[in-house]
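Asker: I'd like to ask some things about the structure below.
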Amino acid sequence: ADIPATIAETEHTKPSNVLFAGNLGQWYGRMLLQLANSLEHQADIQLRIAGGNHSWETQDVERLTDQGVFLGFLKGEAYQTALQEADALLVMMGFEAESRLIESTSFKSKLADYLVAGKPIIVWWPDYCTAATSAIRHEFGAVADRASTDSVVEKTRFLASNPSECRRLAENGRRFYQAHLDPDRVFSDALSAINELITPRSVINGSCR
């Protein structure tokens with residue numbers, strides 16, 4: 001399938017549209033609020049946040065909604081439309097001490113949706129996270145491995161000026177999804193492993209003894 005147009009292939013007069021879609025609870029909501037505040041007066045980047053479970057103050061929700069930053073919880077067609085309208089997709093994990101155990105052993109399921117969308121992914125998380133090491137090893141994400149919001153801004157602007165890198169990341173992401181996350185492939189591999197475990201070795205070797 002063709003890779004959709006990415007940040008660097010859209011008109012430079014338009015701001016780069018960066019979408020986060022997911023859980024806004026715990027440290028995720030705090031990180032995103034900090035990012036939104038840091039981008040408030042940056043004309044070249046438009047952050048869009050979709051999700052629920054946030055604990056933001058009412059005035060912050062109203063301000064971000066009025067600015068077109070906070071979209072609320074999206075699902076179905078609205079969610080798919082937001083993915084396709086984005087120039088880049090943001091996925092994140094916490095840098096705080098309280099999140100280290102969870103984040104170092106988990107892999108974001110949201111990545112599957114992002115990889116299928118065929119857009120460059122900005123990966124904002126510590127380099128000790130399993131998902132971060134996968135993004136680096138398979139080269140499907142631009143990794144922002146500092147807690148500072150500046151790291152996300154830097155990666156966004158880098159992608160905006162490098163169309164070939166945008167396409168390379170998107171293509172690598174598509175390959176990673178097909179090899180490791182595609183449901184049919186995962187099910188087939190799991191079924192083969194189960195059959196190998198439960199089938200007597202004598203049968204495998206062509207013997208009924």
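Asker: Can you sort T149, T58 by 1.4 Å-probe accessible area, starting with the largest? If you can, show how the numbers build up before the last one.
Answerer: Details: T149 20, T58 90 Å².
Accessible-area ranking of T149, T58, largest first: T58, T149.
Asker: Probe radius 1.4 Å, ligands and nucleic acids ignored: give me the carbon and sulfur share of the accessible area of region 108-157 as a rounded percent.
Answerer: Values: 840 of 1820 Å².
Its accessible area is 46 percent carbon and sulfur atoms.
Asker: Here's a follow-up. Which lysines, if any, have their Cα less than 29 Å from the Cα of K14, not counting same-chain residues under 8 positions apart?
Answerer: Excluding near neighbours in sequence, the set is K75, K110, K119, K155.
Asker: Send over the Kirkwood Rh of region 128-188, from the inverse of the averaged 1/r over different Cα pairs, rounded to one decimal Å.
Answerer: Over region 128-188, the inverse of the mean reciprocal pair distance is 12.8 Å.
Asker: Output ³J(HN,Hα) for region 160-176: one whole-Hz value per residue in order, computed from phi by the Karplus curve 6.51 cos²θ - 1.76 cosθ + 1.60 with θ = phi - 60°, and x for Gly and Pro.
Answerer: Per residue, the Karplus-derived 3J(HN,Hα) values read 5, 9, 9, x, 5, 5, 4, 5, 4, 5, 5, 5, 5, x, 4, 5, 4 Hz.
The values are calculated or read from the model by the stated rules, or taken from the named source; none is laboratory data. Computed from a predicted structure; not experimentally measured. Note: areas computed on protein heavy atoms with side chains; ligands, DNA, RNA excluded. Shrake-Rupley method; radii C 1.70, N 1.55, O 1.52, S 1.80 Å.
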